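Every read-out reported here was derived from the displayed coordinates using simple, explicitly stated rules and does not represent laboratory data. The structure presented is a predicted model; accordingly, all values stated were derived computationally and were not measured. Reconstructed Cβ throughout: ideal geometry from the backbone, glycine too, with neighbour counts over all protein chains shown.
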């Protein structure tokens, strides 16, 4: 913390000093050679990200903890939680922004015109679906949240298939595990674990702010919008066709 001069009981002053110092640090990095090993997050941060310029996904130690992951949790719960987040970050490499970077992190058009046109046609479905979600009369902007919605939908599909493959390759008690007092099978536990990942308590003012500024969908829509597009979810919970949670027209990309 060299160079930080703090004054006791002067919270606002200290905050401004820290912000100013951090701003100068970022300005100094401008036009400097990029350090490919540098993280955008601290090890204790409970978050993860995909970096197109370095073509890498980063998971700090902070997110590799309960309730998102624990080595002794059943496979379904781990895959439903941290697994879907890992899949989410991988999918960012092929969303509306990540697709603009090649494997070496160079920003260039590397898809064929056919692939690009098909991609754009399929993403229209997501924009329409999520734009129909409302909270307190305010619609989500499905175009602004497109990248994150693509990642959510791709992430759950990747993780579910990985979970099924893992389950088939192992013969252990996890395959028949049921939570005490709850009549849910493993496939159902996978989706319940996914939903628990986005459980939160949020004021209406905060939700309205996020609907305008956040590139992510509000947590309820991250859950509902994703599983509405999942055939595996409908099968796991025996959802009747042409219902809210099992619509006839599902948005599919990857």
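Values as computed for the structure displayed
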{"item": "Helix axis angle, 113-131 relative to the chain longest principal axis, alpha carbon, degrees", "result": "90"}
{"item": "Approximate spin-label separation residue 57-residue 19, in nm, with each point projected 7 Å along Cα-to-Cβ", "result": "3.4"}
{"item": "Segments 205-211, 32-38, 151-157 sorted - mean Cβ within 10 Å per residue, highest first", "result": "151-157, 205-211, 32-38"}
{"item": "Over the chain: helical MRE at 222 nm, DSSP H runs n ≥ 4 each giving -39500 (n - 2.57), nearest 500", "result": "-14000 deg cm²/dmol"}
{"item": "Pairwise label distance in nanometres, residue 70 with residue 208, each label 7 Å out on the Cα-Cβ vector", "result": "3.9"}
{"item": "Protection proxy ranking of 133-143, 77-87, 223-233, 10-20 - average other beta-carbon atoms within 10 Å, highest first", "result": "77-87, 223-233, 133-143, 10-20"}
{"item": "Relative contact order computed over the chain (Cα-Cα under 8 Å; 6+ residues apart), in percent", "result": "18"}
{"item": "Pairwise label distance in nanometres, residue 132 with residue 241, each label 7 Å out on the Cα-Cβ vector", "result": "1.8"}
{"item": "Global size of segment 44-236 as Cα Rg and Dmax, reported in angstrom", "result": "17.5, 54"}
{"item": "Residues 159, 248, sorted so that the one with the fewest Cβ neighbours within 10 Å comes first", "result": "248, 159"}
{"item": "Neighbour-count ranking [beta-carbon atoms within 10 angstrom, fewest first] of 88, 23", "result": "23, 88"}
